[in-house]
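Trainee: I am attaching a structure below and will ask some questions about it afterwards.
The values are calculated or read from the model by the stated rules, or taken from the named source; none is laboratory data. No experiment lies behind these values; they were computed from the predicted model shown. Here Cβ is always computed from backbone atoms with ideal geometry, including for glycine, and neighbour counts include all displayed protein chains. The area values use the complete protein model at the heavy-atom level, side chains included, leaving out ligands, DNA and RNA. Shrake-Rupley method; radii C 1.70, N 1.55, O 1.52, S 1.80 Å.
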Protein chains: 2
Amino acid sequence: MADTYTQMVNSNLGRSVARKLGLPQPAVLRRYKSGQPLVTGPVVVVGDTPGADKLAAELLSWDLDVRRHAVPAEKLAAIILVLDELEHPAELERPVLAAAGSLRDLQPCGRLITLSRPAAEASSPHAAAARQGVDGFLRSLAKELRAGATGNGVLLGNGTATTSPSVLGAVRFFLSARSAFVDGQFLSVSTEDGALPPDPDRPLAGKVAVVTGAARGIGAEIARTLHRDGATLVLVDIPAAGDQLASVANEVRGTALQLDITGADAGQRIIDHAVQRHGRLDIVVHNAGVTRDKLMANMDQARWNLVININIAAQLRINEALLASEYFRSTPRIVSVASTSGIAGNRGQTNYAASKGGVMGMVRATAPLLATAGGTINAVAPGFIETDMTARIPFAVREVARRLNSLQQGGMPSDVAETIAFLASDAAGGINGQVLRVCGQNLVGA
Amino acid sequence: MADTYTQMVNSNLGRSVARKLGLPQPAVLRRYKSGQPLVTGPVVVVGDTPGADKLAAELLSWDLDVRRHAVPAEKLAAIILVLDELEHPAELERPVLAAAGSLRDLQPCGRLITLSRPAAEASSPHAAAARQGVDGFLRSLAKELRAGATGNGVLLGNGTATTSPSVLGAVRFFLSARSAFVDGQFLSVSTEDGALPPDPDRPLAGKVAVVTGAARGIGAEIARTLHRDGATLVLVDIPAAGDQLASVANEVRGTALQLDITGADAGQRIIDHAVQRHGRLDIVVHNAGVTRDKLMANMDQARWNLVININIAAQLRINEALLASEYFRSTPRIVSVASTSGIAGNRGQTNYAASKGGVMGMVRATAPLLATAGGTINAVAPGFIETDMTARIPFAVREVARRLNSLQQGGMPSDVAETIAFLASDAAGGINGQVLRVCGQNLVGA
């Protein structure tokens, strides 16, 4: 559900009033439902490299309406800008100006996607400049798009083709309504691992997934989304939330595990439960987390330690058990919930930001350890999400916070859940050690 | 000079009005003047590692009033938090709570500085989590500090001691009024190179420095600052700006070189001029840059190419000449001016952001090439700076843009210049391939 203001400015009267007063005009975002078509219009693939040709051919095989050149005035679902062979900033001109000509034809909730390569892997200063130039370009362009359209980029490691499984997986995710609140972001694909699912509506079929903090809010929504995508669920939360946990478990036909994740044996108990009840363990989503906000000048030991213990120390301990387990070795997936507060800091949240920064450091350092088992670990960093927690923020503060992004609205718990479901899928097998923001390109100050 | 609003709220009446209305209350920042003491009060060094002991001893040798434990209610110039041996997020608690107790005693324009190590170089997930936790912590704390106080961090490569020359150089820079508008940032020191200057008031004595785009604005201010710090200046600008260029050259007793930096021979002409007129070339500041703002949907070839050519292609070409020259091999320094727009993107600036992203990519990729000559290349990324250019932004837009940072004000050209002067100095010899924002911890949206 869109917030009240967003509903208002999307009525006929509200639209005209908002326009006259120069108020924000957030669009109602297209969100994913099972069976929904990937896109509802033509997709233009801009770029004249063999990589662009191959990607266009692949998208054709998905039965998309693919154009290699835009047809004037035809409304477009997406523009894909393939920049996989840039060697110098001067080479940006031709493809970006070709794409510019189609921007006005992008549908509401349309997509702009760049495919380029990471600057850090460039072999010369001019290639690095061109590659990093795509970054500044895309982030600017994402701020110019309107009506719920988003711009995101896929970064292909030097050896990675435009048609590798996880590049296609990332392109599919960014094209789809699953990525509604992901905007102005880049996702790196570093290996040829991964595979597109046989059934795109059930990408997690056959998988057993654990979600911590699943009794309510974003955690419960993650459980619903993984269930919808075909996974069998183990739902973890503290005993005090037992009733709510049981209710979510019923809803998604999963099993509930009451557990304090900060316990020394939490990891082993999670593994034992999953294996004994469901025969395997494929996916762990570290969602459980708390806030205890306080200016640092007033911070006390109890608030500091509680947040550090639950939000990061517990994840580290559980991961150690997972990495040591013989039951977590068949393309395992860990996805952690970080926060834009951990990236940019947030007033009153030194403890929370330290813990969420910690999650991101942990994810990057754990990635090589999981790779040896063909696994991945990644994080999502939500920005302002409409939850019971943010609903308690005073109105004026909340109203500013939720508009301070390129989509001029807060995200939904489902936006975080969809991104986690994607990172947990086989289609994301070549994506490891990454942090993907789900924030509408939030103005976060870092 | 502070902007009019900042002057107003710092008057007796203005302060009381702003407080009652809940308006931003930007402080007048302490800025550097030759001969000014480094700090004007005690400095507390928090942390119980040998690295903390050694840093405290070094600061004592600078005649600072160093405390290993805060004295209750004593006003402090700075708190330095040494976190150089963190192995687990749980180890953050003791030092950060010790520092928290002193936050209320920080003077106006006081300093909080962390010393920690880069998460990417950690040997375990728990160490990486602890190190990245410092990032979230510091960026949050910087947003909590008031009255012109700032928080910044130094990241010490694994082999780098707390008393290495460039760590001390970075600590000195962050302590000093030179870093007035640098806030919420980290600076990495990766080698033991560098040396503190014999005379801290003339750190560039004996150096010959080239500044492009020096006829006005930030470029002219860079020239003045490098001159004040002891450098001999070569001032470069286009022939059309010849009169202004000559005037700045007169002011700083340097020589003027009228030159189109996009010319194929620009690099060689710069080298020839510096060597023929001044006998050497030590420092090149790539400051020249232009904007040609336009939404991408309306972008034309001329606007796109002009910005790319001047802002990044010219720097690449000049650097090639510098790297090939036998006259640029004695601890050479290149400092480029990037922009927070290149980091986060900016509406209407796809071309500019691509070019400034390009500058950052170029800097990172050129760093290893310069390192072989004992040299460094770094970039500064200014946020909202009070210049003739920003003065032309409509009042309301400008007023919002300049307050959207932790210091609630725009920076001054001198803030950019001071940061460049530091990166150009011998004291920054261990800092290479870095981008340092001069933005007051701007809310930039990336």
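Trainee: Could you check how many residues of segment A:205-224 are among the acidic types (Asp, Glu) and open to solvent by less than 10 Å² (accessible area, probe 1.4 Å)? Walk me through how you get there before you give the answer.
Mentor: To start, the set of residues in segment A:205-224 that are among the acidic types (Asp, Glu) comprises A:221.
From what's left, open to solvent by less than 10 Å² (accessible area, probe 1.4 Å): none.
So the answer is 0.
Trainee: Let me confirm something: among B:TYR327, B:TYR352, which residue is more than 23 Å from the chain's Cα centre (by Cα) and among the hydroxyl-bearing types (Ser, Thr, Tyr)?
Mentor: Exactly one of B:TYR327, B:TYR352 is more than 23 Å from the chain's Cα centre (by Cα) and among the hydroxyl-bearing types (Ser, Thr, Tyr), namely B:TYR327.
Trainee: From (1) in contact (Cβ under 8 Å) with a residue 60 or more places away in the chain; (2) open to solvent by 10 Å² or more (accessible area, probe 1.4 Å); (3) assigned by TED's automatic domain parsing to the domain that holds B:VAL335, pick out the condition that doesn't hold for B:ASP201.
Mentor: All conditions pass for B:ASP201, except number (3).
Trainee: In segment B:322-344, which residue that is more than 18 Å from A:ALA128 (Cα to Cα) and small (Gly, Ala, Ser) is farthest from the other protein chains (Cβ to nearest Cβ)?
Mentor: Result: B:SER330.
Trainee: Considering segment B:393-446 alone, what residues qualify as being among the small types (Gly, Ala, Ser) and at pLDDT below 90?
Mentor: B:ALA396, B:ALA401, B:GLY445, B:ALA446
Trainee: Kindly provide the set of residues from segment B:323-338 that are polar (S, T, N, Q) and open to solvent by 10 Å² or more (accessible area, probe 1.4 Å), ordered by number.
Mentor: The answer is B:SER325, B:SER330, B:THR331.
Trainee: Same structure again: Mind checking whether some residue in segment B:58-65 is acidic (Asp, Glu) and on the phi > 0 side of the Ramachandran plot? Before you say what the answer is, go through the steps one by one.
Mentor: The initial filter retains those residues of segment B:58-65 that are acidic (Asp, Glu), namely B:58, B:63, B:65.
Then drop every residue that is not on the phi > 0 side of the Ramachandran plot, which leaves B:63.
Yes, because at least one residue in segment B:58-65 is acidic (Asp, Glu) and on the phi > 0 side of the Ramachandran plot.
Trainee: Please tell me if A:VAL39 is in contact with a Leu (Cβ under 6 Å, 6 or more places away or on another chain) and part of a loop (DSSP other than H, G, I, E, B). First the steps, then the outcome.
Mentor: Details: in contact with a Leu (Cβ under 6 Å, 6 or more places away or on another chain): yes; part of a loop (DSSP other than H, G, I, E, B): yes.
So A:VAL39 passes the test.
Trainee: Please count how many residues of segment A:397-419 are part of a loop (DSSP other than H, G, I, E, B), open to solvent by less than 20 Å² (accessible area, probe 1.4 Å) and aliphatic (A, V, I, L, M).
Mentor: Here the count works out to 1.
Trainee: Which residue out of B:ASP260, B:ASP237 is under 30 Å from A:PRO95 (Cα atoms) and open to solvent by 10 Å² or more (accessible area, probe 1.4 Å)?
Mentor: On the way: B:ASP237 fails: under 30 Å from A:PRO95 (Cα atoms).
Of the residues listed, the single one that is under 30 Å from A:PRO95 (Cα atoms) and open to solvent by 10 Å² or more (accessible area, probe 1.4 Å) is B:ASP260.
Trainee: List pairs: first in segment B:321-350 and under 23 Å from B:VAL438 (Cα atoms), second modelled with pLDDT under 95 and of a type in the set (Phe, Trp, Tyr), Cβ under 7 Å, 6+ apart or cross-chain?
Mentor: none
Trainee: Can I ask one more? Tell me the helices (runs of 4 or more DSSP H) entirely within segment B:75-181 that contain at least 1 residues that are at the interface with chain A (Cβ under 9 Å from one of its Cβ atoms) and crowded, with 23+ Cβ neighbours inside 10 Å.
Mentor: Here the list reads B:93-100, B:125-144.
Trainee: Right, something else. Return the residue satisfying two criteria in turn: it lies in segment B:339-396 and is among the β-branched types (Val, Ile, Thr) and in a helix (DSSP H, G or I), and of such residues it is nearest to B:ALA180 (Cα to Cα).
Mentor: Filtering first and then ranking leaves B:THR340.
Trainee: Tell me yes or no: at least one residue of segment B:281-295 is in contact (Cβ under 8 Å) with a residue 12 or more places away in the chain, in a helix (DSSP H, G or I) and either away from chain A (no Cβ under 14 Å) or buried (at least 18 other Cβ atoms within 10 Å of the Cβ) (or both).
Mentor: no
Trainee: I need the full set of residues from segment B:59-71 which are touching a residue at least 12 places away in the same chain (Cβ under 8 Å) and open to solvent by 10 Å² or more (accessible area, probe 1.4 Å), in order please. Full working, then the answer.
Mentor: Narrowing segment B:59-71 to residues touching a residue at least 12 places away in the same chain (Cβ under 8 Å): B:59, B:62, B:64-71.
Once the filter is applied, which keeps residues that are touching a residue at least 12 places away in the same chain (Cβ under 8 Å) and open to solvent by 10 Å² or more (accessible area, probe 1.4 Å), segment B:59-71 yields B:TRP62, B:LEU64, B:ASP65, B:VAL66, B:ARG67, B:ARG68, B:HIS69, B:ALA70, B:VAL71.
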